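Inspection log for the structure reproduced underneath, given as structure tokens.
What follows draws every value from the coordinates through simple rules; no lab data is involved. Only a predicted model underlies this, so the values are computations on that prediction, with no experimental measurement involved. Quick reminder, even Gly has a Cβ in these numbers, built from the backbone with ideal geometry, and neighbours come from all protein chains shown.
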């Protein structure tokens, strides 16, 4: 696949941000389906390339991958920091679609996924834009975000790590950042994207992921949850990237 490294000027952030785009080697007969893949806290746009087999699967199945950098911003217009959600939801899609017209803009061809912090970003983007994304996946995702920020999620989650992005739990409850609440509103309208989650039984966030999955189902979301042996690491998650693509319905033919 072609690997394109880009800096683009974000007005929302006030600086150039890094991202990577992977495109299949062969020209498409129709626009490529697109996976938007988000890194975890402390990572950057290279994380999925360095620690997973995503490129091999994308090449085999013939879809593009967009790998943004969101630093430790949790995809938020941060309480104390940068406007990452504005960048991700408005500026970046516009930039990519005029730069790469080969990328499909159809809802049924756009999916999100994320590891750890990126799992939250993936769910938030898809649930805020259900007309643009049909499904989202989380790998050890920070999903029960209101309780994480509020310090009531259990496990070894550290709410102080989230304060710059979210402020307080009350500040995000019943807003565009409260992803379980969003799923409930969309499920009532029959517009909720499909959701998928995998987490290891030794993950420090296992309890909050399991609890969040139960809550998503309780509010009517179509969520597939996998609980497997493993830790908070691509050592586990890499084994479930291809099953996630199977679940999305992305083809297996060589592009």
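In whole percent, what relative contact order does the chain give with Cα contacts below 8 Å and a gap of six or more residues?
Details: 549 pairs, mean separation 46.3, N = 255.
RCO, the chain: 18 percent.
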Margin query: Could you tell me how far the Cα centroid of segment 218-238 sits from the Cα centroid of segment 1-79, in Å?
Written below: 21 Å
Check: Once the piece of chain linking residue 16 and residue 217 is laid out straight, how much longer is it, given 0.36 nm per residue of separation minus the C-alpha distance between them?
Finding: 68.5 nm
Check: Points 7 angstrom from Cα along the Cβ direction at residue 29 and residue 50: gap in nanometres?
Finding: 3.9 nm
Check: Which of 216, 51 comes first, and how do the rest follow, when ranked by fewest Cβ neighbours within 10 Å?
Finding: 51, 216
Next item on the list: Treat each spin label as a single point 7 Å out from the Cα along the C-beta direction, and report the residue 174 to residue 201 distance in nm.
Entry: 3.9 nm
Check: Roughly what angle does helix 117-128 make with the longest principal axis of the chain, taking Cα atoms, 0 to 90 degrees, to the nearest 10?
Finding: 80 degrees
